[in-house]
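The values are calculated or read from the model by the stated rules, or taken from the named source; none is laboratory data. No experiment lies behind these values; they were computed from the predicted model shown. Cβ: placed from backbone, ideal geometry, glycine included. Neighbour counts: every protein chain shown. Note: accessible area is taken over every heavy atom of the protein model, side chains too, but ligands, DNA and RNA are not part of it. Shrake-Rupley method; radii C 1.70, N 1.55, O 1.52, S 1.80 Å.
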Amino acid sequence: MMKRCAIIGAGITGLSAAYYLNQENQDYAIDILEASDTPGGKIKTYRKDGYTIELGPESYLGRKKIMTELATEIGMKDDLVINNTGQSYIYAKNKLYPIPGGAILGIPTEVRPFITTRLISPIGKLRAAMDYVIKPKPMNPDVSVGAFFRRRLGNETLENLIEPLMSGIYGADIDKLSLKSTFPDFKVTEEKHGGLIKGMRANRKKMNSKGPKIGQFRQFKNGLESFIERLAEVVTERGVQIKYNNKVQAIKQTNSGYEITINGETHYYDSVIVTVPHTVFKDWFNDGPLDYFQTMKTTSVATVVMAFDESQVNNKANGTGFVIARNSDTVITACTWTDKKWQHAAPKGKTLLRAYVGRPGDNVVNENDEETIVKLARKDLDKMMDISGDPEFSIVTKLPNSMPQYEVGHIDKIHAIQHYIATHYPNLVITGASFEAVGLPDCIAQAQKAALKIAHR
Ligand SMILES: Cc1cc2nc3c(=O)[nH]c(=O)nc-3n(C[C@H](O)[C@H](O)[C@H](O)COP(=O)(O)OP(=O)(O)OC[C@H]3O[C@@H](n4cnc5c(N)ncnc54)[C@H](O)[C@@H]3O)c2cc1C
(Lines give C-alpha, C1' and ligand atoms only; values in the text may rest on other atoms or scores of the structure.)
Protein backbone atom coordinates (compact mmCIF):
# COMPACT_ATOMS: atom_id res chain seq x y z
CA MET A 1 0.00 0.00 0.00
CA MET A 2 1.20 3.55 -0.74
CA LYS A 3 2.38 5.67 2.16
CA ARG A 4 0.70 9.05 2.62
CA CYS A 5 2.64 12.30 2.96
CA ALA A 6 1.09 15.68 3.75
CA ILE A 7 2.94 18.82 2.78
CA ILE A 8 1.56 21.84 4.59
CA GLY A 9 1.62 25.01 2.47
CA ALA A 10 1.75 25.46 -1.32
CA GLY A 11 4.34 28.27 -1.38
CA ILE A 12 7.59 27.75 -3.27
CA THR A 13 8.90 25.54 -0.43
CA GLY A 14 5.85 23.26 -0.34
CA LEU A 15 5.59 22.85 -4.12
CA SER A 16 9.33 22.15 -4.45
CA ALA A 17 9.18 19.61 -1.60
CA ALA A 18 6.38 17.78 -3.46
CA TYR A 19 8.40 17.84 -6.69
CA TYR A 20 11.56 16.37 -5.13
CA LEU A 21 9.74 13.82 -2.95
CA ASN A 22 7.84 12.50 -5.96
CA GLN A 23 11.04 12.42 -8.03
CA GLU A 24 12.94 10.50 -5.37
CA ASN A 25 10.33 8.03 -4.15
CA GLN A 26 7.10 7.20 -5.99
CA ASP A 27 5.77 5.11 -3.09
CA TYR A 28 4.21 8.22 -1.55
CA ALA A 29 0.73 9.55 -2.21
CA ILE A 30 1.33 13.27 -1.66
CA ASP A 31 -1.29 15.83 -0.59
CA ILE A 32 -0.34 19.51 -0.42
CA LEU A 33 -2.67 21.17 2.10
CA GLU A 34 -3.04 24.88 1.31
CA ALA A 35 -5.11 27.38 3.29
CA SER A 36 -5.75 29.78 0.39
CA ASP A 37 -7.22 29.14 -3.05
CA THR A 38 -4.01 29.68 -5.04
CA PRO A 39 -0.44 28.35 -4.96
CA GLY A 40 2.70 30.49 -4.47
CA GLY A 41 2.30 31.99 -0.98
CA LYS A 42 4.22 35.29 -1.00
CA ILE A 43 4.84 35.08 -4.77
CA LYS A 44 2.25 37.08 -6.68
CA THR A 45 2.59 38.66 -10.13
CA TYR A 46 0.29 41.32 -11.60
CA ARG A 47 -0.06 40.59 -15.33
CA LYS A 48 -2.23 43.03 -17.26
CA ASP A 49 -2.08 45.55 -20.13
CA GLY A 50 1.52 44.71 -20.97
CA TYR A 51 2.72 44.94 -17.34
CA THR A 52 4.39 42.06 -15.48
CA ILE A 53 4.83 43.34 -11.93
CA GLU A 54 5.98 41.40 -8.90
CA LEU A 55 3.89 42.18 -5.83
CA GLY A 56 5.97 40.08 -3.40
CA PRO A 57 9.51 38.84 -4.09
CA GLU A 58 11.03 40.37 -7.21
CA SER A 59 13.63 37.93 -8.59
CA TYR A 60 16.29 35.49 -7.44
CA LEU A 61 20.08 35.38 -7.28
CA GLY A 62 21.35 33.57 -10.37
CA ARG A 63 24.47 32.22 -8.67
CA LYS A 64 22.22 30.05 -6.50
CA LYS A 65 21.82 27.51 -9.26
CA ILE A 66 19.09 25.25 -7.85
CA MET A 67 16.23 27.51 -9.00
CA THR A 68 17.54 27.71 -12.56
CA GLU A 69 18.01 23.93 -12.53
CA LEU A 70 14.45 23.36 -11.32
CA ALA A 71 13.13 25.84 -13.90
CA THR A 72 15.01 23.90 -16.59
CA GLU A 73 13.66 20.55 -15.37
CA ILE A 74 10.07 21.81 -15.57
CA GLY A 75 10.57 23.22 -19.08
CA MET A 76 11.01 26.93 -18.29
CA LYS A 77 14.61 27.48 -19.38
CA ASP A 78 13.54 29.62 -22.34
CA ASP A 79 11.38 31.83 -20.09
CA LEU A 80 14.33 32.93 -17.94
CA VAL A 81 15.32 36.59 -18.14
CA ILE A 82 18.33 38.42 -16.66
CA ASN A 83 18.19 41.92 -15.18
CA ASN A 84 19.73 44.90 -16.98
CA THR A 85 22.82 46.04 -15.14
CA GLY A 86 23.06 49.72 -14.28
CA GLN A 87 24.12 52.15 -11.61
CA SER A 88 22.49 51.64 -8.21
CA TYR A 89 22.19 54.42 -5.66
CA ILE A 90 22.02 54.94 -1.92
CA TYR A 91 19.82 57.64 -0.45
CA ALA A 92 21.73 58.84 2.60
CA LYS A 93 21.70 62.13 4.50
CA ASN A 94 18.67 63.04 2.32
CA LYS A 95 20.52 62.81 -1.00
CA LEU A 96 21.05 60.19 -3.72
CA TYR A 97 24.64 58.96 -4.12
CA PRO A 98 25.86 56.42 -6.70
CA ILE A 99 27.11 53.26 -4.99
CA PRO A 100 30.89 53.42 -5.44
CA GLY A 101 32.09 51.14 -8.25
CA GLY A 102 33.48 47.83 -7.05
CA ALA A 103 31.55 47.83 -3.76
CA ILE A 104 30.22 44.34 -3.06
CA LEU A 105 27.25 44.51 -0.70
CA GLY A 106 28.75 47.82 0.36
CA ILE A 107 32.28 46.53 0.99
CA PRO A 108 34.75 48.59 -1.03
CA THR A 109 37.02 46.55 -3.30
CA GLU A 110 38.28 49.36 -5.58
CA VAL A 111 40.32 52.22 -4.19
CA ARG A 112 39.52 55.12 -6.55
CA PRO A 113 35.67 55.00 -6.45
CA PHE A 114 35.74 54.67 -2.66
CA ILE A 115 38.19 57.56 -2.23
CA THR A 116 36.17 59.84 -4.52
CA THR A 117 32.64 59.07 -3.22
CA ARG A 118 30.94 61.84 -1.25
CA LEU A 119 28.85 59.28 0.57
CA ILE A 120 31.59 58.77 3.19
CA SER A 121 33.57 61.55 4.88
CA PRO A 122 37.42 61.58 4.74
CA ILE A 123 37.53 60.41 8.36
CA GLY A 124 35.07 57.62 7.55
CA LYS A 125 37.28 56.54 4.65
CA LEU A 126 40.41 56.50 6.82
CA ARG A 127 38.56 54.44 9.39
CA ALA A 128 37.49 51.95 6.70
CA ALA A 129 41.13 51.66 5.54
CA MET A 130 42.03 50.43 9.03
CA ASP A 131 40.55 47.15 7.88
CA TYR A 132 44.03 46.48 6.44
CA VAL A 133 45.58 46.48 9.92
CA ILE A 134 42.83 45.26 12.25
CA LYS A 135 43.48 41.61 13.08
CA PRO A 136 40.63 39.11 12.77
CA LYS A 137 39.10 38.32 16.13
CA PRO A 138 37.30 35.11 17.09
CA MET A 139 33.62 35.94 17.22
CA ASN A 140 32.18 32.77 18.55
CA PRO A 141 29.58 31.56 18.62
CA ASP A 142 27.95 34.46 16.72
CA VAL A 143 27.81 38.28 16.47
CA SER A 144 25.56 40.75 14.72
CA VAL A 145 26.33 41.83 11.17
CA GLY A 146 26.49 45.38 12.53
CA ALA A 147 29.09 44.55 15.21
CA PHE A 148 31.29 42.72 12.70
CA PHE A 149 31.34 45.50 10.10
CA ARG A 150 31.53 48.34 12.62
CA ARG A 151 34.71 46.74 13.98
CA ARG A 152 36.28 46.19 10.58
CA LEU A 153 35.21 49.26 8.56
CA GLY A 154 33.80 51.74 11.09
CA ASN A 155 30.36 53.13 11.84
CA GLU A 156 30.09 55.48 8.87
CA THR A 157 30.78 52.90 6.14
CA LEU A 158 28.46 50.50 7.94
CA GLU A 159 25.61 53.00 8.25
CA ASN A 160 25.85 54.74 4.86
CA LEU A 161 26.91 51.89 2.63
CA ILE A 162 26.59 48.40 4.09
CA GLU A 163 23.46 48.63 6.25
CA PRO A 164 21.11 49.86 3.50
CA LEU A 165 22.19 47.03 1.20
CA MET A 166 22.35 44.17 3.67
CA SER A 167 19.54 44.81 6.12
CA GLY A 168 17.00 45.31 3.30
CA ILE A 169 17.34 41.69 2.23
CA TYR A 170 16.14 40.55 5.66
CA GLY A 171 14.02 43.56 6.66
CA ALA A 172 16.23 43.50 9.71
CA ASP A 173 18.00 45.62 12.31
CA ILE A 174 21.67 45.17 11.33
CA ASP A 175 22.78 45.33 14.97
CA LYS A 176 20.61 42.32 15.78
CA LEU A 177 20.96 40.36 12.52
CA SER A 178 23.07 37.22 12.95
CA LEU A 179 26.30 37.16 10.91
CA LYS A 180 26.60 33.38 11.14
CA SER A 181 23.03 32.84 9.88
CA THR A 182 23.11 35.33 6.99
CA PHE A 183 26.59 36.26 5.73
CA PRO A 184 29.00 33.71 7.27
CA ASP A 185 31.29 33.96 4.22
CA PHE A 186 32.47 37.42 5.29
CA LYS A 187 33.93 35.97 8.49
CA VAL A 188 35.61 33.20 6.47
CA THR A 189 37.05 35.79 4.03
CA GLU A 190 38.31 37.98 6.89
CA GLU A 191 40.06 35.05 8.56
CA LYS A 192 41.52 33.64 5.35
CA HIS A 193 42.97 36.94 4.11
CA GLY A 194 43.56 38.75 7.41
CA GLY A 195 41.18 41.57 6.37
CA LEU A 196 37.89 42.03 4.58
CA ILE A 197 38.83 44.48 1.81
CA LYS A 198 41.92 42.42 0.95
CA GLY A 199 39.83 39.25 0.88
CA MET A 200 36.96 40.73 -1.14
CA ARG A 201 39.42 42.12 -3.70
CA ALA A 202 40.96 38.66 -4.10
CA ASN A 203 37.50 37.05 -4.46
CA ARG A 204 36.51 39.69 -6.99
CA LYS A 205 39.59 39.09 -9.13
CA LYS A 206 38.72 35.39 -9.22
CA MET A 207 35.11 36.18 -10.22
CA ASN A 208 36.14 38.67 -12.92
CA SER A 209 38.42 36.10 -14.49
CA LYS A 210 35.36 33.89 -15.05
CA GLY A 211 34.03 35.99 -17.90
CA PRO A 212 31.98 39.05 -18.85
CA LYS A 213 29.75 40.70 -16.26
CA ILE A 214 26.02 40.08 -16.61
CA GLY A 215 23.13 40.87 -14.31
CA GLN A 216 23.09 38.77 -11.15
CA PHE A 217 19.31 38.39 -10.84
CA ARG A 218 16.95 36.03 -12.67
CA GLN A 219 13.26 36.21 -13.42
CA PHE A 220 10.76 34.74 -15.88
CA LYS A 221 9.34 36.64 -18.82
CA ASN A 222 5.81 36.07 -17.46
CA GLY A 223 6.81 36.67 -13.85
CA LEU A 224 7.61 34.51 -10.83
CA GLU A 225 4.01 33.37 -10.64
CA SER A 226 4.40 31.65 -14.02
CA PHE A 227 7.15 29.51 -12.43
CA ILE A 228 4.79 28.63 -9.57
CA GLU A 229 1.94 27.80 -11.97
CA ARG A 230 4.19 25.50 -14.00
CA LEU A 231 5.58 23.80 -10.88
CA ALA A 232 2.04 23.24 -9.58
CA GLU A 233 1.06 21.83 -12.99
CA VAL A 234 4.04 19.44 -13.11
CA VAL A 235 3.48 18.03 -9.62
CA THR A 236 -0.25 17.65 -10.32
CA GLU A 237 0.49 15.75 -13.55
CA ARG A 238 2.67 13.44 -11.48
CA GLY A 239 -0.20 12.61 -9.13
CA VAL A 240 0.29 15.11 -6.30
CA GLN A 241 -3.04 16.47 -5.03
CA ILE A 242 -3.02 20.18 -4.19
CA LYS A 243 -5.92 20.70 -1.80
CA TYR A 244 -6.81 24.40 -1.71
CA ASN A 245 -8.94 25.96 1.04
CA ASN A 246 -7.53 23.31 3.38
CA LYS A 247 -6.35 25.28 6.37
CA VAL A 248 -4.50 23.04 8.79
CA GLN A 249 -5.61 23.68 12.36
CA ALA A 250 -3.64 21.09 14.30
CA ILE A 251 -1.08 18.30 13.90
CA LYS A 252 -1.00 15.46 16.44
CA GLN A 253 1.57 12.70 16.61
CA THR A 254 0.15 9.15 16.89
CA ASN A 255 1.90 5.78 17.38
CA SER A 256 2.49 5.33 13.66
CA GLY A 257 2.16 8.75 12.04
CA TYR A 258 0.28 12.05 12.30
CA GLU A 259 -3.32 13.21 12.57
CA ILE A 260 -3.96 16.49 10.83
CA THR A 261 -7.07 18.53 11.56
CA ILE A 262 -8.52 20.49 8.64
CA ASN A 263 -11.84 22.29 8.83
CA GLY A 264 -12.70 20.29 11.96
CA GLU A 265 -11.98 16.88 10.32
CA THR A 266 -9.04 14.62 11.15
CA HIS A 267 -6.94 12.99 8.42
CA TYR A 268 -4.16 10.43 8.87
CA TYR A 269 -0.71 10.69 7.24
CA ASP A 270 2.46 8.57 7.60
CA SER A 271 4.77 11.54 6.96
CA VAL A 272 4.51 15.31 7.11
CA ILE A 273 6.56 18.18 5.67
CA VAL A 274 5.62 21.51 7.26
CA THR A 275 6.51 24.56 5.11
CA VAL A 276 4.29 27.30 6.59
CA PRO A 277 5.96 30.27 8.37
CA HIS A 278 6.85 29.88 12.05
CA THR A 279 4.09 32.35 12.95
CA VAL A 280 1.70 29.54 11.93
CA PHE A 281 3.44 26.32 13.03
CA LYS A 282 4.45 27.70 16.45
CA ASP A 283 0.91 26.85 17.57
CA TRP A 284 1.40 23.21 16.60
CA PHE A 285 4.91 22.58 17.97
CA ASN A 286 6.25 24.27 21.08
CA ASP A 287 7.95 21.52 23.04
CA GLY A 288 11.70 21.40 23.81
CA PRO A 289 13.80 23.84 21.76
CA LEU A 290 10.83 24.45 19.43
CA ASP A 291 9.66 27.06 21.95
CA TYR A 292 12.20 29.37 20.22
CA PHE A 293 9.55 30.07 17.59
CA GLN A 294 7.20 31.53 20.22
CA THR A 295 9.49 34.55 20.49
CA MET A 296 11.16 34.68 17.05
CA LYS A 297 10.32 38.10 15.61
CA THR A 298 9.08 39.13 12.17
CA THR A 299 8.97 42.39 10.22
CA SER A 300 5.89 43.51 8.30
CA VAL A 301 6.60 44.99 4.89
CA ALA A 302 4.59 46.21 1.90
CA THR A 303 5.43 46.67 -1.74
CA VAL A 304 4.13 49.82 -3.41
CA VAL A 305 3.97 49.91 -7.20
CA MET A 306 3.22 53.09 -9.16
CA ALA A 307 2.91 53.20 -12.95
CA PHE A 308 3.33 56.53 -14.78
CA ASP A 309 3.59 57.70 -18.33
CA GLU A 310 7.30 58.35 -18.84
CA SER A 311 6.57 62.02 -19.51
CA GLN A 312 5.41 62.37 -15.88
CA VAL A 313 8.72 61.33 -14.30
CA ASN A 314 11.90 63.33 -14.59
CA ASN A 315 14.58 61.17 -13.04
CA LYS A 316 18.03 62.73 -13.12
CA ALA A 317 19.69 59.61 -11.74
CA ASN A 318 20.26 57.11 -14.50
CA GLY A 319 20.13 53.66 -12.98
CA THR A 320 18.11 50.69 -11.78
CA GLY A 321 17.18 51.79 -8.27
CA PHE A 322 18.25 52.81 -4.79
CA VAL A 323 18.28 51.67 -1.20
CA ILE A 324 17.90 53.99 1.76
CA ALA A 325 20.21 54.49 4.73
CA ARG A 326 18.48 54.63 8.07
CA ASN A 327 19.85 58.12 8.76
CA SER A 328 17.37 59.42 6.14
CA ASP A 329 13.92 60.46 7.14
CA THR A 330 11.76 58.25 4.89
CA VAL A 331 9.03 55.65 5.17
CA ILE A 332 10.21 53.74 2.09
CA THR A 333 13.32 51.59 2.48
CA ALA A 334 14.20 51.02 -1.19
CA CYS A 335 12.89 51.63 -4.69
CA THR A 336 13.48 49.95 -8.03
CA TRP A 337 13.14 51.80 -11.34
CA THR A 338 11.56 48.60 -12.53
CA ASP A 339 11.14 49.48 -16.21
CA LYS A 340 14.91 50.12 -16.34
CA LYS A 341 15.89 46.97 -14.47
CA TRP A 342 13.52 44.54 -16.24
CA GLN A 343 12.70 44.86 -19.91
CA HIS A 344 9.59 42.67 -19.62
CA ALA A 345 8.01 44.55 -16.70
CA ALA A 346 6.32 47.55 -18.38
CA PRO A 347 5.09 48.51 -21.85
CA LYS A 348 7.22 50.96 -23.81
CA GLY A 349 6.73 54.58 -22.78
CA LYS A 350 5.82 53.78 -19.16
CA THR A 351 7.81 54.34 -15.97
CA LEU A 352 7.30 51.80 -13.24
CA LEU A 353 8.39 52.52 -9.66
CA ARG A 354 8.39 49.77 -7.06
CA ALA A 355 9.13 50.75 -3.49
CA TYR A 356 9.34 48.86 -0.18
CA VAL A 357 7.84 50.08 3.07
CA GLY A 358 8.38 48.62 6.55
CA ARG A 359 11.32 48.43 8.94
CA PRO A 360 11.74 46.32 12.07
CA GLY A 361 10.00 48.01 14.94
CA ASP A 362 7.95 50.47 12.84
CA ASN A 363 4.21 50.02 12.41
CA VAL A 364 3.75 51.78 9.08
CA VAL A 365 2.41 48.67 7.34
CA ASN A 366 0.12 47.49 10.12
CA GLU A 367 -1.27 50.89 11.11
CA ASN A 368 -2.02 52.47 7.73
CA ASP A 369 -4.47 51.63 4.99
CA GLU A 370 -3.32 51.18 1.41
CA GLU A 371 -4.31 54.67 0.32
CA THR A 372 -2.23 56.23 3.10
CA ILE A 373 0.74 53.99 2.29
CA VAL A 374 0.67 55.18 -1.36
CA LYS A 375 0.59 58.79 -0.17
CA LEU A 376 3.50 58.26 2.25
CA ALA A 377 5.57 56.49 -0.42
CA ARG A 378 4.81 59.19 -2.98
CA LYS A 379 5.89 61.91 -0.55
CA ASP A 380 9.26 60.18 -0.24
CA LEU A 381 9.66 59.52 -3.97
CA ASP A 382 9.02 63.22 -4.65
CA LYS A 383 12.24 63.93 -2.72
CA MET A 384 14.28 61.89 -5.19
CA MET A 385 12.58 62.57 -8.53
CA ASP A 386 10.41 65.22 -10.19
CA ILE A 387 7.07 63.47 -10.59
CA SER A 388 4.03 65.28 -11.95
CA GLY A 389 0.42 64.18 -11.57
CA ASP A 390 -1.07 60.99 -10.21
CA PRO A 391 0.09 57.52 -11.25
CA GLU A 392 -1.98 55.76 -13.91
CA PHE A 393 -2.43 53.06 -11.28
CA SER A 394 -0.86 52.01 -8.02
CA ILE A 395 -0.88 48.72 -6.13
CA VAL A 396 -0.04 48.23 -2.46
CA THR A 397 0.59 44.67 -1.27
CA LYS A 398 0.79 44.31 2.47
CA LEU A 399 2.80 41.35 3.73
CA PRO A 400 2.27 41.34 7.50
CA ASN A 401 4.89 39.49 9.56
CA SER A 402 6.49 38.23 6.36
CA MET A 403 10.19 38.66 7.13
CA PRO A 404 11.48 36.24 9.79
CA GLN A 405 14.19 37.85 11.88
CA TYR A 406 17.42 35.85 12.18
CA GLU A 407 18.81 37.41 15.33
CA VAL A 408 22.23 36.58 16.82
CA GLY A 409 22.37 32.87 17.68
CA HIS A 410 19.61 31.91 15.23
CA ILE A 411 21.35 29.21 13.20
CA ASP A 412 22.69 27.33 16.24
CA LYS A 413 19.17 27.22 17.66
CA ILE A 414 17.90 25.94 14.29
CA HIS A 415 20.47 23.13 14.27
CA ALA A 416 19.42 22.11 17.80
CA ILE A 417 15.76 22.21 16.72
CA GLN A 418 16.43 20.09 13.64
CA HIS A 419 18.18 17.50 15.79
CA TYR A 420 15.28 17.53 18.24
CA ILE A 421 12.69 17.08 15.49
CA ALA A 422 14.70 14.20 13.97
CA THR A 423 14.74 12.38 17.31
CA HIS A 424 11.24 13.23 18.59
CA TYR A 425 9.12 13.43 15.44
CA PRO A 426 9.89 10.50 13.12
CA ASN A 427 8.85 11.07 9.49
CA LEU A 428 8.20 14.76 10.05
CA VAL A 429 10.29 17.69 8.82
CA ILE A 430 9.67 21.37 9.41
CA THR A 431 11.37 23.69 6.95
CA GLY A 432 11.03 26.97 5.00
CA ALA A 433 12.05 30.58 5.32
CA SER A 434 11.99 30.62 9.14
CA PHE A 435 14.86 28.11 9.18
CA GLU A 436 18.13 28.39 7.26
CA ALA A 437 17.67 31.15 4.67
CA VAL A 438 14.89 33.24 3.11
CA GLY A 439 15.82 33.54 -0.59
CA LEU A 440 13.72 31.70 -3.17
CA PRO A 441 16.55 29.35 -4.23
CA ASP A 442 17.28 28.72 -0.53
CA CYS A 443 13.65 27.74 0.00
CA ILE A 444 13.95 25.27 -2.89
CA ALA A 445 17.22 23.87 -1.48
CA GLN A 446 15.64 23.43 1.97
CA ALA A 447 12.60 21.77 0.37
CA GLN A 448 14.85 19.34 -1.47
CA LYS A 449 16.68 18.47 1.75
CA ALA A 450 13.35 17.90 3.55
CA ALA A 451 12.01 15.74 0.71
CA LEU A 452 15.13 13.56 0.64
CA LYS A 453 14.89 13.03 4.40
CA ILE A 454 11.33 11.73 4.05
CA ALA A 455 12.05 9.77 0.85
CA HIS A 456 14.92 7.82 2.41
CA ARG A 457 13.39 7.07 5.79
C1 LIG B 1 8.36 41.56 0.46
C2 LIG B 1 9.28 40.41 0.26
C3 LIG B 1 10.20 40.47 -0.77
C4 LIG B 1 11.05 39.40 -1.00
N5 LIG B 1 11.90 39.46 -2.06
C6 LIG B 1 12.64 38.40 -2.38
C7 LIG B 1 13.39 38.40 -3.58
O8 LIG B 1 13.37 39.34 -4.37
N9 LIG B 1 14.16 37.30 -3.85
C10 LIG B 1 14.19 36.21 -3.02
O11 LIG B 1 14.91 35.25 -3.32
N12 LIG B 1 13.43 36.17 -1.89
C13 LIG B 1 12.65 37.22 -1.56
N14 LIG B 1 11.86 37.19 -0.44
C15 LIG B 1 11.81 35.96 0.37
C16 LIG B 1 10.89 34.89 -0.24
O17 LIG B 1 9.84 35.50 -0.94
C18 LIG B 1 10.26 33.98 0.82
O19 LIG B 1 11.24 33.53 1.74
C20 LIG B 1 9.59 32.76 0.18
O21 LIG B 1 8.65 33.17 -0.78
C22 LIG B 1 8.94 31.90 1.25
O23 LIG B 1 8.29 30.84 0.63
P24 LIG B 1 7.60 29.68 1.48
O25 LIG B 1 7.01 28.71 0.55
O26 LIG B 1 8.59 29.13 2.46
O27 LIG B 1 6.49 30.41 2.36
P28 LIG B 1 5.18 31.19 1.88
O29 LIG B 1 5.37 31.82 0.59
O30 LIG B 1 4.79 32.01 3.06
O31 LIG B 1 4.11 30.02 1.70
C32 LIG B 1 3.46 29.40 2.79
C33 LIG B 1 2.12 28.87 2.31
O34 LIG B 1 1.48 28.24 3.41
C35 LIG B 1 0.09 28.58 3.41
N36 LIG B 1 -0.44 28.45 4.77
C37 LIG B 1 -0.30 29.31 5.80
N38 LIG B 1 -0.95 28.82 6.89
C39 LIG B 1 -1.48 27.64 6.53
C40 LIG B 1 -2.25 26.65 7.22
N41 LIG B 1 -2.61 26.80 8.51
N42 LIG B 1 -2.62 25.53 6.53
C43 LIG B 1 -2.27 25.36 5.22
N44 LIG B 1 -1.56 26.27 4.53
C45 LIG B 1 -1.16 27.38 5.19
C46 LIG B 1 0.08 30.02 2.88
O47 LIG B 1 -1.20 30.35 2.36
C48 LIG B 1 1.17 29.97 1.80
O49 LIG B 1 0.65 29.60 0.55
C50 LIG B 1 11.00 38.25 -0.17
C51 LIG B 1 10.08 38.20 0.89
C52 LIG B 1 9.23 39.26 1.10
C53 LIG B 1 8.25 39.18 2.22
Output for segment 51-82, where each listed residue is open to solvent by 20 Å² or more (accessible area, probe 1.4 Å), outside any strand (DSSP E or B) and touching a Gly at 6+ places or on another chain (Cβ under 8 Å): 64, 68
Yes/no for residue 38 being part of a loop (DSSP other than H, G, I, E, B), farther than 24 Å from residue 231 by Cα and either away from the ligand (no atom under 14 Å from the Cβ) or touching a residue at least 60 places away in the same chain (Cβ under 8 Å) (or both): no
Test result for residue 269, more than 16 Å from the ligand (Cβ to nearest atom) and open to solvent by less than 50 Å² (accessible area, probe 1.4 Å): no
Candidates 414, 387, 395, filtered to the one that is farther than 29 Å from residue 291 by Cβ and within 16 Å of the ligand (Cβ to nearest atom): 395
Residue check, residue 194 within 16 Å of the ligand (Cβ to nearest atom) and either farther than 19 Å from residue 412 by Cβ or modelled with pLDDT of 95 or more (or both): no
Verdict on residue 291 being within 22 Å of residue 11 (Cα to Cα), of a type outside the set (S, T, N, Q), open to solvent by 70 Å² or more (accessible area, probe 1.4 Å) and out of contact with any helix residue (DSSP H, G or I) (no Cβ under 6 Å at 6 or more places or on another chain): no
Residue in segment 324-352 that is nearest to the ligand (Cβ to nearest atom), counting only those that are aliphatic (A, V, I, L, M) and within 13 Å of residue 58 (Cβ to Cβ): 334
Segment 379-420, subset more than 18 Å from the chain's Cα centre (by Cα) and at positive phi, residue surrounded by the fewest Cβ atoms within 10 Å (Cβ to Cβ): 389
Matching residues, segment 349-358, being open to solvent by 30 Å² or more (accessible area, probe 1.4 Å) and either out of contact with any strand residue (DSSP E or B) (no Cβ under 7 Å at 6 or more places or on another chain) or closer than 19 Å to residue 89 by Cα (or both): 356
Which numbered condition residue 245 misses (of (1) within 14 Å of the ligand (Cβ to nearest atom); (2) open to solvent by 30 Å² or more (accessible area, probe 1.4 Å); (3) polar (S, T, N, Q); (4) not in a loop (DSSP other than H, G, I, E, B)): (4)
